[in-house]
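Please read the structure below before turning to the comments.
Read the figures in this text as sums done on the coordinates, not as results from a lab. The model shown is predicted, which means the values in this text are computed figures rather than measured ones. Methodologically, a virtual Cβ is constructed for each residue, glycine included, from the backbone with ideal geometry; neighbour enumeration extends over all protein chains shown.
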Amino acid sequence: MTLPCSCGNTAANGAKSVHYMEAEMNTTFPKGSIGMKKRLTAVFGALAAIGLATASPALAQYRNEIRNDMSHCTAGSGPAVMVTVDGVKASQGKLRIQSYRANSSEWLAKGKWLSRIEVPAKAGTMTFCLPVPDAGTYGIAVRHDLNGNGKTDIMSDGGGMSNNPSINIFNLGKPSYTKVGVPVGDTVKSIRIEMKYM
């Protein structure tokens, strides 16, 4: 970001010249302008603080890595989604479960997950509690990284989604948000997801 600065320099024709200075304050100032530098530094510092203060709540709503705290899904708690995952193939690798808002711009969009729990997989059935920010419609996605390499291996890894929609080559494993959306009120909503493997 550059800002015009009339720093007292005069061109040969007598007109004041305008120079541009970087917001990082890397520009040198003429002698006697220390007061100006301090004022500008204070102004930029205040603007940065305001920008960070207003941006933080918006950023904080996404990408929350949490632990599986079942106390958020007890009676009187909420809003939250208690997810029972059935059909986990093996006690190896990692199981990752993520919550999203069920809308066209956020469902399975990169970086738009609200909460994520990642734990060692256990064969059979596993239960998770995902708090959600407020009442609304949410989608839940589960992935079993069978070999724990952090990559999607189509031939071995498993997956599942809220409402257990059909996953096939035509929707490329990304069914519409309208098929996965689960309405959540101010209490705890319980759902079951069946894992699918190739």
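Using 0.36 nm per residue, how much length does the chain from residue 67 to residue 167 gain when fully extended, once their Cα-Cα distance is taken away?
Length gained between residue 67 and residue 167: 33.2 nm.
Using modelled amide H (1.01 Å from N, peptide plane; none on Pro or chain starts), what sits under 5 Å from the amide H of residue 189, excluding residues fewer than 5 places away?
80, 81, 82
Given a Förster distance of 25 Å, report the FRET efficiency between residue 187 and residue 127 from their Cβ-Cβ distance, rounded to the nearest 0.05.
Efficiency at R0 = 25 Å is approximately 0.90.
Tell me, 189, 196 in order of fewest to most beta-carbon neighbours within 10 Å?
On the way: 189 20, 196 17.
Sorted ascending by nearby Cβ count, the order is 196, 189.
What translational D, rounded to a whole number of µm²/s, comes out for the stretch 64-197 from Stokes-Einstein when the hydrodynamic radius is the Kirkwood one over Cα pairs, at 10 °C and 1.306 mPa s?
Details: Rh = 14.8 Å.
D = 108 µm²/s.
Starting at the first residue of the stretch 75-87, write each ³J(HN,Hα) from the Karplus equation 6.51 cos²θ - 1.76 cosθ + 1.60 with θ = phi - 60°, in whole Hz, x for Gly and Pro.
Running phi through 6.51 cos²θ - 1.76 cosθ + 1.60 with θ = phi - 60° gives 4, x, 8, x, x, 7, 10, 8, 10, 9, 9, 9, x Hz.
Tell me, what HN-Hα J-couplings in whole Hz come from the Karplus equation 6.51 cos²θ - 1.76 cosθ + 1.60 at θ = phi - 60° for each residue of the stretch 180-190, using x for Gly and Pro?
These are the phi-based 3J(HN,Hα) values: 9, x, 10, x, 10, x, 8, 10, 9, 9, 9 Hz.
Distance in nm between label sites at residue 179 and residue 84, each 7 Å beyond Cα in the beta-carbon direction?
Taking the two extended label points, one gets 2.4 nm.
Non-local amide H neighbours of residue 182 (under 5 Å, H modeled in plane, Pro and chain starts lacking H): which ones?
138, 139
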